[in-house]
Amino acid sequence: MKNNFLYEGKAKKILETEDPTVVKMVFKDDATAFDGKKKGVIGDKGEVNATISARIFQFLKHNGIENHFLEKTGPGEILARKLEIIPVEVVIRNFAAGSISRRLGLKEGLPFKPPVLEFFYKDDRLGDPMINEAHIQTMGWAKENEVARMKEIAYRVNDLLIDLFREVGIQLVDFKLEFGRAGEEILLGDEISPDTCRFWDLETGEKLDKDRFRQDLGGVEAAYQEILKRIGEPEK
């Protein structure tokens, strides 16, 4: 494997491989919040997030959601299809928490029925600003049919993950998805983990995600490990 460096973000490094259509994703223990203003390290986060993402991507693929995941190859590493990333983050919110509570003055935990879908422009320098479909099309970030496909996939992923996590006693509060192009196909990419989702224990309401880091609640490593313990390892 070539393992030549392609890109490094806040949570992952992307390396090329001998196959030009495949990349290696190396998950880091580094943690950031508030657009990089807060930084730290969460023990074993890279390995835990890689394993959780592998488990969830396998589950989604088994349920008809095509995505970039190919296999988990080592500690904190997965192989994935190389995508032309669309610079638009799709957020699905089932309950009020985080930025939407601050923006709209909503009490944390307020249920959204139907769920709220939001778009954000993927640009750390600008703080990932909220955008709408007109922005996406006018700026050429994605075509109308691609946006429709992203929304369709996001709502289906939400339905599937609500059921998956409810079965293990976890409330799926909200989550972020990223997409990319593989030729003409729109595929789900990036990661799905406690870094990109909010998880609350169904019985106690305990937070089991990166909010423990953001809000200095302590027990961050244990919370991430708890998510992995409940959903289990990916298939070999």
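How large is ³J(HN,Hα) for each residue in the stretch 142-154, as worked out from phi by the Karplus curve 6.51 cos²θ - 1.76 cosθ + 1.60 (θ = phi - 60°), to whole Hz, x for Gly and Pro?
Residue by residue, the stretch 142-154 yields 7, 7, 4, 5, 5, 4, 4, 5, 4, 5, 4, 5, 4 Hz.
Percent relative contact order of the chain, based on C-alpha pairs within less than 8 angstrom and at least six residues apart? Show your work: numbers first, answer last.
Details: 446 pairs, mean separation 45.6, N = 236.
So the answer I get is 19 percent.
Give the peptides 85-94, 117-126, 103-112, 8-17 in descending order of average Cβ contacts within 10 Å, highest first.
Numbers: 85-94: 20.2, 117-126: 14.4, 103-112: 11.8, 8-17: 17.0.
Sorting 85-94, 117-126, 103-112, 8-17 by mean packing, highest first, produces 85-94, 8-17, 117-126, 103-112.
Treating the chain as a set of equal point scatterers at the Cα positions, no solvent, please give the Debye-formula log₁₀ I(q)/I(0) at q = 0.14 Å⁻¹.
At q = 0.14 Å⁻¹ the computed log10 ratios are -0.93.
Can you compute the helix-only [θ] at 222 nm over the chain? Use -39500 (n - 2.57) per DSSP H run of at least 4 residues, normalise by all residues, nearest 500 deg cm²/dmol.
Values: 6 runs with 69 residues, N = 236.
Result for the chain: -9000 deg cm²/dmol, rounded to the nearest 500.
Ranked by Cβ crowding within 10 angstrom, fewest neighbours first, how are R181, R166 ordered? Let's see the in-between values first.
Numbers: R181 15, R166 12.
Ordered by Cβ neighbours within 10 Å, fewest first: R166, R181.
Arrange H68, H135, H62 by Cβ neighbour counts within 10 Å, fewest through most, would you?
H62, H135, H68
In debye, nearest 20, what is the charge dipole magnitude of the chain about its Cα centre with +1 on Lys and Arg Cβ and -1 on Asp and Glu Cβ, if you could check? Numbers along the way, then the final one.
On the way: 37 positive and 43 negative charges, 90 e Å.
The calculated dipole for the chain is roughly 440 debye.
Please check which bits of the stretch 164-196 a label hung off L106 would reach, taking the label as a point 7 Å along Cα-to-C-beta and the cut-off as backbone N under 15 Å.
Residues passing the 15 Å test: 172-176.
Report the gain in length on full extension from M139 to L202: 0.36 nm times residue separation, minus Cα-Cα distance, nm rounded to one decimal.
Computed gain between M139 and L202 is 18.6 nm.
Ranking M139, M150, M130 by Cβ neighbours within 10 Å, fewest first, what do you get?
Fewest-to-most Cβ neighbours within 10 Å comes out as M139, M130, M150.
When the chain is fully extended, how far beyond the present Cα-Cα distance does D19 get from Q215, taking 0.36 nm per residue of separation?
Between D19 and Q215, full extension yields 66.4 nm more.
Could you give the Stokes-Einstein D for the stretch 1-68 in µm² per second, using the C-alpha Kirkwood radius, 37 °C, 0.692 mPa s?
For these conditions, the coefficient is 243 µm²/s.
Taking the alpha-carbon centroid of each part, what is the distance from the stretch 132-148 to the stretch 1-54 in angstrom?
So the two Cα centres are separated by 27 Å.
What distance in nm separates the simple spin-label points at R166 and T73, each placed 7 Å from Cα in the Cβ direction?
Output for this residue pair reads 3.8 nm.
Computed from the coordinates by the stated procedures, all read-outs in this text should not be read as laboratory data. Please read these numbers as outputs of a predicted model, since none were measured by experiment. Quick reminder, even Gly has a Cβ in these numbers, built from the backbone with ideal geometry, and neighbours come from all protein chains shown.
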